[in-house]
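The structure appears right after this line, and notes come after that.
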Amino acid sequence: MNVRWTIAIGLAVLAGCSSEESPTLAVTEQALILPFIQDNTSTGLVSMESEHWHFNTPLSGKSWVVEASGSASGGVGERVQPNTGTRFTESQVSISPRLEFRIQFKFTGTHYVWLRGKGPGSGDRSAHVGLDGVVTAPIANGFNSTYNWKSQISGGFRATINVTTTGVHTLVVWMRDDGFVVDKIVVARTSSYTPSGNGPAESPTGDV
């Protein structure tokens, strides 16, 4: 059963400087949300609505903010605000706002990451992804002004994560372009899987 508690609790402010070298870090956690559970099929799907993050960390004056949309899978997405034309490269993820999703993985090895997203302009259409705090690459090719699914990174390669052990790991979505909206995240074991429309139903959560 996919039981969710959406009570938000504010954690302590961990640093108090406005510079990029030591940005203010105010973490919000959605209390009592258990990890998403990977399914047992050969596809090994995990499907997550962006607004059902476990941790949401604003940094460098930017934050992921819920945004209502009739075309979003769950009626809302998460947009990076404010949109001032800023881009954080892969080497800058330590100062980039992030969404974190805890997943109970049942399989190890290479997994393929899909995002359902959009952006108002050509400079607002990418995000970084990674596992356990280590960035993989930007999902950067093919997003437009309406929601669509992408799993490509620069150069046409696939966005992947390497799960080295079964158990709970944390998938991270970092801002690359402010103004970008992420609606849904899907992880699959097979390279041939492609989500469509609103994507698969959200995965259940459960005890570790």
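The values are calculated or read from the model by the stated rules, or taken from the named source; none is laboratory data. Nothing here was measured: the structure is a model prediction, and the numbers come from that model. Cβ sites come from the backbone with ideal geometry, for glycine too, and all protein chains shown count toward neighbours.
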Self-check item: Per-region count, region 120-143, residues assigned to a loop (DSSP other than H, G, I, E, B), more than 14 Å from Gln92 (Cα to Cα) and not aromatic (Phe, Trp, Tyr)
Solution: 11
Quiz item: Which of the following residues is assigned to a strand (DSSP E or B) and either in contact with a strand residue (DSSP E or B) (Cβ under 8 Å, 6 or more places away or on another chain) or modelled with pLDDT of 95 or more (or both): Val186, Val208?
Solution: Val186
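For (1) out of contact with any Asp or Glu (no Cβ under 7 Å at 6 or more places or on another chain); (2) assigned to a strand (DSSP E or B); (3) surrounded by 18 or more Cβ atoms within 10 Å (Cβ to Cβ), each residue gets a yes or a no:
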| site | (1), (2), (3) |
| --- | --- |
| Ser145 | yes, no, no |
| Thr170 | no, yes, no |
| Trp174 | yes, yes, yes |
| Thr190 | yes, no, no |
| Thr194 | yes, no, no |
| Gly199 | yes, no, yes |
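Look at region 53-109 and say how many of its residues are in a loop (DSSP other than H, G, I, E, B), hydroxyl-bearing (Ser, Thr, Tyr) and over 27 Å from Val163 (Cα atoms).
Qualifying residue count for the region: 5.
Looking at Ile139, is it of a type in the set (A, V, I, L, M, F, W, C) and within 27 Å of Ser69 (Cβ to Cβ)?
In short, yes.
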Practice problem: With the condition kept exactly as written, say whether any residue in region 149-163 is touching a residue at least 60 places away in the same chain (Cβ under 8 Å) and assigned to a loop (DSSP other than H, G, I, E, B). | Solution: no
